[in-house]
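Beneath this line is the structure, given in C-alpha cells, with notes to follow.
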Amino acid sequence: QMISKLLSKKIIYIIFSVFFIYIISLLYTDKDINSIAIINIDGAIIKSDKIVKALDTFNKDDNIKAIILRINSPGGSVAPSQEIFDKVYRLKLDKKKPIITSVNNMAASGGYYIAIGSDLIIANSGSIIGSIGVIMSYPIAKNLLDNLGINFNTYKSGEYKDSGSPYRYNTENDDKYFNEVIDDLHSQFMGEVSFQRNIPLGELKKYAQGQIFTGNKAMQIGLIDRIGTFEDALNISKNLANISGDIDLVYPEYKKYSFLNNFM
C-alpha cells in the first residue's frame, strides 16, 4: 500500500510537471517569428501532392511571411506541373504573402511552368530557362521482334486503342492523332506563359519551340524578372514582406511512410 501511494504521488508529480512546462512554453512562444519558407523542387516532376500540401501549410501559417520556390528541374509530367502551378498561382492571387521563384541551375519545361505562377522569378545569369514545349516519345521494337521471330496479335475496340504500341509502325492517322494531343498541350503551356509574363502570343511563339535560354537571355525576352542569386531572392522576399532583422528559414517536413507507420 505504501508503494502504491508513492507511485500515485510520482504520477501526479509527473503530470503536474508536464503541464507546468507546457504552460511555460506557451507563455514564452514568440508569436511574431519572422520566417521564410523554402520549398525545393528538384529533379523530374512526377508527383504534385507533397509540394501542394507544403504550399497550403505554409500559406496558412501566420509565422511564415514569404514563400520561396527553389527550382532546379528539367520538367516532367504535364498534369503534376499544372497542379503545382495552379496552387502557386492561387496563393499569388490570395496575396497573404509574397511567393517568389529562385532558379538554381534550371527551370525548364514543367519547372518553368511552375515558376510563372509566382510573383517574381529570379535566376542566375547562367541558369537554364524555358524549354516551352511538349514532347512524347516511345520505342518501336517491331524489327527486333521480327528478327527474333516473335509476332503479336492485337484485338482492339477502336482504331486508336493501340496507338503508340511498340509492336507496330505508326500509321498516318496515328501521327495526326498524337500531333493533335501535343499541339493542344503546347497551346495550354504557351497560353499561360503569354498571360502570366504579359508577352503577346505572336511574339512568344518564336521563343516557345522547345528552346532553352540562359538567365541573361531569358531576362531580355521577358521570361524572368531579375538576375540574382538565392541570397538576392531572400532579401527581395524580406522587402516584399516588410521584414526587418533576422529571419528563420523553414523547410517542409515530408512524412516518410513505412510498413510500421501504416501498421501503427
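Coordinate-derived values only; no laboratory data. Note that the coordinates shown come from a computational prediction; the quantities given were computed from them, not determined experimentally. Heads up, the Cβs are rebuilt from the backbone with ideal geometry, glycines too, and the neighbour counts pull from every protein chain shown.
Structural remarks
- Amide proton proximity set for ALA66, modelled H, under 5 Å, gap of 5+: ALA37
- Distance (nanometres) between label positions extended 7 Å along Cα→Cβ at ASP86 and SER137: 2.9
- For segment 200-210, 3J(HN,Hα) per residue [Karplus equation, 6.51 cos²θ - 1.76 cosθ + 1.60, θ = phi - 60°, Hz, x = Gly/Pro]: x, 4, x, 6, 5, 3, 6, 9, 10, 10, x
- Spin-label model, ASP94 to SER77: label points 7 Å out along the Cα-to-beta-carbon direction sit 2.4 nm apart.
- Sites LYS161 and ASN63, calculated FRET efficiency, Cβ-Cβ separation with R0 35 Å, nearest 0.05: 0.10
- Percent breakdown of C-alpha pair distances by 5 Å bin, ordered from the shortest bin, for segment 125-264: 2, 7, 10, 10, 9, 9, 11, 11, 12, 8, 5, 3, 2, 1, 0
- Segments 167-173, 52-58, 127-133, 91-97 sorted - mean Cβ within 10 Å per residue, highest first: 127-133, 52-58, 91-97, 167-173
- Over segment 71-196: Rg over Rh, Cα atoms, Kirkwood Rh: 1.15
- Here, P(r) means the percent of Cα pairs in each 5 Å bin from 0 to the largest distance; for segment 72-125 it is 5, 23, 29, 24, 14, 6, 0.
- Neighbourhood net charge (15 Å Cβ-Cβ; Lys/Arg +1, Asp/Glu -1) for PHE152: +2
- Taking 10 °C and 1.306 mPa s as conditions, segment 163-221 diffuses translationally at an estimated 116 µm²/s according to Stokes-Einstein applied to its Kirkwood radius (Cα pairs).
- Using C-alpha pairs under 8 Å with a sequence gap of at least 6, the mean separation divided by the residue count of segment 36-167 gives a relative contact order of 21 percent.
- With a simple spin-label model that places each label point 7 Å from the Cα along the Cα-to-Cβ direction, the separation between ASP184 and VAL52 comes to 2.0 nm.
- Backbone N atoms of segment 126-166 closer than 14 Å to the 7 Å Cα→Cβ label point of ASN173 belong to residues 156-164.
- In sequence order, calculated HN-Hα J values of segment 36-41 (Karplus, 6.51, -1.76, 1.60; Hz; x Gly/Pro): 10, 8, 10, 10, 7, 10
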